[in-house]
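The values are calculated or read from the model by the stated rules, or taken from the named source; none is laboratory data. All values reported here derive from a predicted model rather than from experimental measurement. Glycine gets a Cβ as well: all are built from the backbone with ideal geometry, and neighbour counts include every protein chain shown. The accessibility values were calculated without ligands, DNA or RNA, using every heavy atom of the protein model including side chains. Shrake-Rupley method; radii C 1.70, N 1.55, O 1.52, S 1.80 Å.
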Amino acid sequence: YSNIIIDTGLHYDRYLREVIDFLEKDQHFREKLHNTDMEDIKQGKLAKELDFVSHHVRTKLDELKRQEVNRLRTLIKAKQDLEGGNVDHQALLKQFEYLNHMNPHTFEVDDLDRLIKSATKDLENYDKERHEEFKRYEMMKEHDRREHLKTLDDEQRKKEEEHYEEMRKKHADHPKVNHPGSQNQLKEVWEEADGLDPEDFDPKTFFNLHDTNGDGFFDEQELEALFTKELEKIYDPTNEEDDMVEMEEERLRMREHVMNEVDSNKDRLVSLDEFLIATKKKEFLEPDSWETLEQNQAYTDEEMREFEEHLAQQEQDLNLKSVDLQKQREELERQQEQLNAQKMELQQAVEHMEKLKSQKVEPPPEVHSEFLCVSVALLTVLKTDSVNVNLLLFAVQGNVVPDTHGGDNQLHFAQEGQQQQVPQAVPQNAEDTPQEHKEQNPDLAQHGAPQTHQDLPPGHQDAAQGQHNLP
């Protein structure tokens, strides 16, 4: 079974290989592994033998599982960060069915059973997924070619089409390709790769020569190596017309064909017995011709149409998203400009307050009012940022102390623990008496507002006196 897991291409390939490698170090398990039918392995009968492996191997398997669980956690975290937390956890967990993530500490029989079944299923689907990926590659290549033609004028388009047809014909002009796995194909390898006389061809000797790891089986990689000579007839990496991605797809097609014809127990391996039986069949001695990729287009016209419609929809969605992002950017820039203007107004108000303070002049009510309006507007934007609150405290220290009450984004003013009213203008007529002032301003009298300069609170007397001295 360990032959199956060499370079599987599965996302848990390393974990799979390490588990099998350590299990094979246990003599009891290794014997069971080589004597158990593949169908029994798929049904989970081999997993039960885990209870009989040595303590050292079990301890190592526990460690391997913990490392794999940590790796998966890292992958999930990275996916969440990439997608902004919008992750389908059920779909993610489905990808990790090859282990029991509910028990991240120890490797149990259930873990081995899950690993074997998942690997078997995923390997069976792996070739299908590779074919689908290749189909998308071919359709995208054709789509790009068509889009390029749209950018050309009539004369250029005609030349491009002629060049394209010339390259296709040149690619199709190659020596005959032998049917993969046929006597003619293997004899050619025997002669050109092994340097032996084709008249002396012997299937058993050929098998032993190309069973490179000597385990008595052809695995997928050993089989694919046999097709290199055939592929070199079709593809040359130095030729413009030859696509190396297509070459690998051709290699995959050849390997699949031989496996379907020769691998009778469907264990993805070709044993010596299976190979010798296949060499006696008529298909081996008198094979049909092999149709290469250029004779079998990877996609239909309908698939190409649907593919291009899907691309057009994707492009439309991206354009809409781009427009939306541009609008968001413009709105942010507008808000930033507004914020900068409000900051400038606040700075000018602060500088004006400082200038008046340095001259020991009490700012008139309209200055207070202007300053407060700008401050409240800016702090509303800044969400009462502490730095700006401190700036306000500094600007009005000694007279008005701004106080914010959480959450309402409103400024309240107090001095020495009392509610501070905005000072009213001192009567300009020197003949006005305190009583007359009360009568003219009943509201002030009712609230006990200061009646004389001497009655003003500390810090206001000098400012009031200064108002009389102003020109």
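Within the stretch 215-265, the residues that satisfy the criterion of being assigned to a loop (DSSP other than H, G, I, E, B), under 23 Å from E283 (Cα atoms) and in contact (Cβ under 8 Å) with a residue 24 or more places away in the chain are D219, L226, F227, N265.
With the checklist (1) of a type outside the set (G, A, S); (2) more than 30 Å from E138 (Cα to Cα); (3) surrounded by fewer than 19 Cβ atoms within 10 Å (Cβ to Cβ) in hand, flag the one item K229 doesn't pass. With (1) of a type outside the set (G, A, S); (2) more than 30 Å from E138 (Cα to Cα); (3) surrounded by fewer than 19 Cβ atoms within 10 Å (Cβ to Cβ) applied to K229, the lone miss is (2). Determine, yes or no, whether P175 is assigned by the TED database to the domain that holds F275, of a type outside the set (G, A, S), surrounded by 14 or more Cβ atoms within 10 Å (Cβ to Cβ) and not in a helix (DSSP H, G or I). No. None of E161, E147, E155, E138 is more than 30 Å from E261 (Cβ to Cβ), acidic (D, E) and surrounded by 13 or more Cβ atoms within 10 Å (Cβ to Cβ) except E161. Residues that are more than 27 Å from the chain's Cα centre (by Cα), closer than 15 Å to R268 by Cβ and modelled with pLDDT of 85 or more within the stretch 1-42 comprise just one, I20.
Within the stretch 268-294, the set of residues being assigned to a loop (DSSP other than H, G, I, E, B) and open to solvent by 70 Å² or more (accessible area, probe 1.4 Å) comprises K280, K281, E286, D288, S289, E291. Residues that are more than 30 Å from R253 (Cβ to Cβ), without any contact (Cβ under 8 Å) to a residue 24 or more places away in the chain and part of a helix (DSSP H, G or I) within the stretch 111-156 comprise R114, K150, D154, E155, Q156, listed in sequence order.
Does G214 satisfy the criteria of being surrounded by fewer than 11 Cβ atoms within 10 Å (Cβ to Cβ), assigned by the TED database to the domain that holds L252 and either modelled with pLDDT of 95 or more or of a type in the set (G, A, S) (or both)? Taking the combined requirement at face value, the residue satisfies it.
Among N184, N208, N265, which is farther than 27 Å from L123 by Cα and open to solvent by 60 Å² or more (accessible area, probe 1.4 Å)? Going through N184, N208, N265 in turn, just one is farther than 27 Å from L123 by Cα and open to solvent by 60 Å² or more (accessible area, probe 1.4 Å): N184.
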